[in-house]
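The values are calculated or read from the model by the stated rules, or taken from the named source; none is laboratory data. Just so it is clear, the structure is predicted and the values come from calculations on it, not from any experiment. Cβ sites come from the backbone with ideal geometry, for glycine too, and all protein chains shown count toward neighbours.
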Amino acid sequence: MKISIGVITKDFNSLEPIDEFLENASKYNHKIYSVIIVYSHSCDFRLVENLEKNVKVFLVQINDAPEIKRRLIEVGLSAENIEILINCSALKKHGLVPYGLNRNYALIKALLSGSEALVFIDTDVYPRVLIKKDGEVKEKKIDFIGRHLEYLRKEEVIITTSDYSGYYIIPPMSFSGMKELFIGLQKEDAYEFLRNFDQHNCLNLDNDKKRKIFETDKILGGNVAIKLSALKELPPFFSTVHNVNGENVLSRGEDTLLGIKLKKSGKKCIDIDTKIFHNTFGNYPEIPDIKKDKSIKDRFYYTCLGWIGRNPFLNWLKNEDMEEVKNRQKKNIIIGSKAVASYLNDERFLILPEALEISYHNLERVISEYKNTMRAWNDFIEKLEKWGG
């Protein structure tokens, strides 16, 4: 199987962690066909030259990808559909690229360049896991590619994925009104985890020898392998940019759509229960302190806005009773936003109820963008199959 590694980043200015993933693959005798780097702002081309000594590299810049455009024209895609798939107006206007479009660039390049499987890694994850041994948390190397391939090679499996070890994206916190906040953010499970933070400091560990492999519809974009021949049965990634009080924010959950649609395809997504290390806040093993560290507080704020930006579309996809869900969220987010603003001494969080209203107001536009993306993507997959055949 021709395996490519896909990396999306704003600025390509470090070989880390790509070099570690390549070393890991080599150690366990896996040949990597190519590395696909999708970037939006800047690139250190000396690093690319360095990387090319060991592996084929495809470098793709958002909104400046003449080779992809030429190939899409060759395949027979209309100018309108090419525009939908590779033009990022949010980058021109606001300097932002939706996560979904970023990942789709890598998928398109992988499909056009002969890859058979694409393994996405994020720039803050590593091919090792955190485990508890002799009462201490330690790092352990694992056969990253091998664990994905063990299941991806099965005919009925089209995606393999897993969660992360490392600090959870929501840092330790505790205040009255926290439950309402997470109900309002549609993250009730997070509240259950946070309730007991004094026992684990929100540090997730790998199950190591007690791995439990299971079927799932929860896909994590930074630890996922996709069998590219299955894309005719799968949708692309999808997410948007939304404006909250004059500030443009990336919505989260570009991988959620895949999970929902996968359920209906009859094919399988397997969680390989290999929680690769995620250096969430960039300073592991330091315990995250949201009250003292402004960067952690900022990240949590934008994460909240990202979830709020995603949720109406997610609920629409799942055929939820939109009015009922919205009313429940609104009631809870009003209480939760005041509580978290007070707890963190940060008035920015008071905007969360308004952000929720804006997000539901934008739903029709988001649905329209999604339908356009789906139409263009399906046309691409169909024409690519004919062209290739």
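Counting residues in region 251-260 that are more than 16 Å from the chain's Cα centre (by Cα) and either polar (S, T, N, Q) or buried (at least 16 other Cβ atoms within 10 Å of the Cβ) (or both) gives zero. Can you tell me which residue within region 326-358, out of those that are more than 30 Å from residue 292 (Cα to Cα) and in contact (Cβ under 8 Å) with a residue 60 or more places away in the chain, is surrounded by the most Cβ atoms within 10 Å (Cβ to Cβ)? That would be 358. Note on region 58-101: among residues that are of a type outside the set (D, E, K, R) and free of Cβ contacts under 8 Å to residues at least 12 places away in the same chain, the one that is nearest to residue 240 (Cα to Cα) is 89. Suppose the filter is over 14 Å from residue 7 (Cβ atoms), in contact with a Gly (Cβ under 9 Å, 6 or more places away or on another chain), in contact (Cβ under 8 Å) with a residue 40 or more places away in the chain and not β-branched (Val, Ile, Thr); does residue 33 pass it? In short, yes.
Only one entry of 239, 229 meets the criterion of being under 12 Å from the mean Cα position of the chain (by Cα) and of a type in the set (Ser, Thr, Tyr), and that entry is 239.
Restricting the search to region 12-33, which residues are crowded, with 19+ Cβ neighbours inside 10 Å and more than 24 Å from the chain's Cα centre (by Cα)? Across region 12-33, there are no qualifying residues. The criterion of at least 3 residues that are at pLDDT 95 or above and out of contact with any strand residue (DSSP E or B) (no Cβ under 9 Å at 6 or more places or on another chain) is met by none of the strands (runs of 3 or more DSSP E) wholly inside region 246-354. What do you reckon, is residue 227 at pLDDT below 95 and basic (Lys, Arg)? It is false that residue 227 is at pLDDT below 95 and basic (Lys, Arg).
Does region 173-186 hold any residues that are under 12 Å from residue 343 (Cβ atoms) and outside any helix (DSSP H, G or I), and which are they? Scanning region 173-186 gives 173, 174, 175, 176, 177. Residues in region 1-34 that are of a type in the set (Gly, Ala, Ser), over 30 Å from residue 92 (Cβ atoms) and either touching a Phe, Trp or Tyr at 6+ places or on another chain (Cβ under 8 Å) or in a strand (DSSP E or B) (or both): 25 only. Given the structure, is residue 170 at pLDDT 95 or above, crowded, with 21+ Cβ neighbours inside 10 Å and not in a helix (DSSP H, G or I)? Here the answer is yes, as residue 170 does meet what is asked. Considering region 127-167, and only residues there that are assigned to a loop (DSSP other than H, G, I, E, B) and among the basic types (Lys, Arg), the residue that is nearest to residue 264 (Cα to Cα) turns out to be 154.
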